[in-house]
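Since every read-out is calculated from the coordinates, none of them should be taken as a lab result. Since the structure is predicted, the reported quantities are computational estimates derived from the model, not experimental observations. Methodologically, a virtual Cβ is constructed for each residue, glycine included, from the backbone with ideal geometry; neighbour enumeration extends over all protein chains shown.
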Amino acid sequence: MLNIGLIGCGTIGASICKAIDDGTIEAELVAIYDRNLNDADKLLSTLKRSKPQVIEVAEMLKKIDLLVECASQEAVYELIPTALHAHCDVMIMSVGAFSDEKLFKTIKELAKENKCKVYLPSGAIVGLDGLKSASSDEIYSVTLTTQKPPRGLAGAPYIIRNKIDLDKINGKTVIFEGTASEAVKAFPANVNVAATISLTGIGFEKTKVKIVANPALTRNIHEISVEGAFGEFTTKVENVPSPTNPKSSYLASLSAIATLKKLSDPIQTGT
Ligand SMILES: NC(=O)C1=CN([C@@H]2O[C@H](COP(=O)(O)OP(=O)(O)OC[C@H]3O[C@@H](n4cnc5c(N)ncnc54)[C@H](OP(=O)(O)O)[C@@H]3O)[C@@H](O)[C@H]2O)C=CC1
Ligand SMILES: O=C([O-])CC(=O)C(=O)O
């Protein structure tokens, strides 16, 4: 049985732990950690079967096969290289950290050297399978258009830096247009999906991102348009926001769970 350690006991972390606890994911939850220890303890108290230890990552790495990151881009910098040095596979949700090419190169090399896998789930988008297939030949363009209710963008560095008053937005408003590289830095907790798309397709500089605040919405919408030698496609997902974190769509939690389920499944569907 796969021994899992998890960092980040928030919305996605809680969903993953519950899915291990109820047997949806075939694995042992060995350890959990959050910089807010109360959050880790609170999550622990909700589990019925699993009895993970609440311990720091350096300690948990001695006991696990796979470290699940669902914390923040900072956590990717702080902990993923250490996990790979310790020969642990990793699953990363805060994929936006990889807009730092140096970090991505380091992690890829460490994974190779230590014979580890780095899993990056599709997260809150649909269509990554098609993009992956398409990228076996030339891709001409990739555009992500993300629309969220204004509160789903609250706290983003770009919003703070530009003093955008989200409460005053009373119609559909384009907040940001730029490259995926710029987008994941400006909105680190809102468009990690732009990073996953970039890594699968044509990179952070060529992938275009538009972010729209729309007070009429109750859902987080991501539309991806791709053109390439294969033809073209557009996908659109209207995501239910997670009740405990409106920035993160529920599909992101489900995608993390599906990725972990896939690890023990003899039948692998999709590209
Ligand atoms: N790939 C994708 O499609 C998606 C990715 N995400 C990303 O996944 C991550 C988790 O999302 P979600 O569960 O909704 O977030 P939450 O804010 O609900 O939970 C994250 C938890 O991790 C803690 N944390 C953050 N950094 C560290 C650290 N360095 N060490 C220990 N604990 C830490 C946070 O503490 P604190 O509250 O103090 O920050 C918080 O308790 C986020 O980075 C988010 O942006 C989200 C949705 C989709
Ligand atoms: O959950 C979403 O809709 C997307 C998200 O926050 C991210 O990619 O960081």
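Kindly write out, for segment 159-166 in residue order, the coupling ³J(HN,Hα) from the Karplus curve 6.51 cos²θ - 1.76 cosθ + 1.60 (θ = phi - 60°), rounded to whole Hz, with x marking Gly and Pro.
With coefficients 6.51, -1.76 and 1.60, one gets 5, 5, 4, 9, 6, 7, 8, 5 Hz.
Apply the Karplus parameterisation 6.51 cos²θ - 1.76 cosθ + 1.60, with θ equal to phi minus 60°, to every residue of segment 112-122 and state each ³J(HN,Hα) to the nearest whole Hz, in sequence, with x for glycine and proline.
5, 4, 9, 6, 10, 10, 10, 9, 10, x, 4
How far apart, in nm, are two points set 7 Å out from the Cα along the Cα-to-Cβ line at Asp41 and at Leu103?
Here the answer is 3.0 nm between the modelled labels.
Could you state the number of Å between the C-alpha centres of segment 137-161 and segment 5-65?
30
In debye, nearest 20: dipole of segment 128-239 around its Cα centre with unit charges on the Cβ of K, R (+) and D, E (-)?
560
Relative contact order of the chain, please, whole-number percent, based on alpha carbon pairs below 8 angstrom and at least 6 residues apart.
20
Please name whichever of Thr244, Ser94, Ala71 sits farthest to the positive end of the charge dipole of the chain, dipole taken about the Cα centre and charges placed at Cβ: Lys and Arg +1, Asp and Glu -1.
My answer, from the dipole projection, is Thr244.
Taking other Cβ within 10 Å of each residue's Cβ, how do Met1, Met93 sort, fewest first?
Lowest count first: Met1, Met93.
Considering amide H positions built from the backbone, and no H for Pro or chain starts, which residues 5 or more places from Val54, or on another chain, come under 5 Å of its amide H?
Residues meeting the criterion, in which the H sits 1.01 Å from N, are Ile32.
Pick from Val95, Val212, Val68: which is most flexible by mean-square fluctuation in a GNM of the chain where alpha carbon atoms under 10 Å apart are linked?
Greatest mean-square fluctuation among the candidates belongs to Val212.
Cα gyration tensor of segment 128-239, axes a ≥ b ≥ c as square roots of the eigenvalues: rounded (a/c below 1.5), prolate (a/b > b/c) or oblate?
Prolate is the answer for segment 128-239, as a/c is 1.5 or above and a/b outweighs b/c.
Give me Asp165, Asp129 sorted ascending by neighbouring Cβ count inside 10 Å, so fewest comes first.
Asp165, Asp129
How many percent of all Cα-Cα pairs in the chain sit more than 31 Å apart?
Tail of the P(r) past 31 Å holds 25 percent of the pairs.
Give the calculated FRET efficiency between Lys115 and Asp137 to the nearest 0.05, with a Förster radius of 22 Å applied to their Cβ-Cβ distance.
Rounded to the nearest 0.05, the efficiency is 0.15.
What FRET efficiency, computed as 1/(1 + (r/R0)^6) with R0 = 41 Å and r the Cβ-Cβ distance, is obtained for Glu59 and Glu232, rounded to the nearest 0.05?
The pair Glu59/Glu232 has a calculated efficiency of 0.25.
Taking the chain as a Gaussian network, where each spring joins two C-alpha atoms under 10 Å apart, which residue of Leu29, Leu128, Leu47 fluctuates the most?
Result: Leu47 has the largest fluctuation of those listed.
Any chance you could give the angle, 0 to 90 degrees and rounded to 10, that helix 37-46 forms with the longest Cα principal axis of the chain?
Once rounded, the angle reads 80 degrees.
Residues with amide H under 5 Å of Ser122's amide H, sequence separation 5 or more or different chain, H placed in the peptide plane at 1.01 Å from N; which?
none
Under unit Cβ charges (Lys, Arg +1; Asp, Glu -1), what dipole magnitude, rounded to 20 debye, does the chain have relative to its Cα centre?
With Lys and Arg at +1 and Asp and Glu at -1, about 460 debye.
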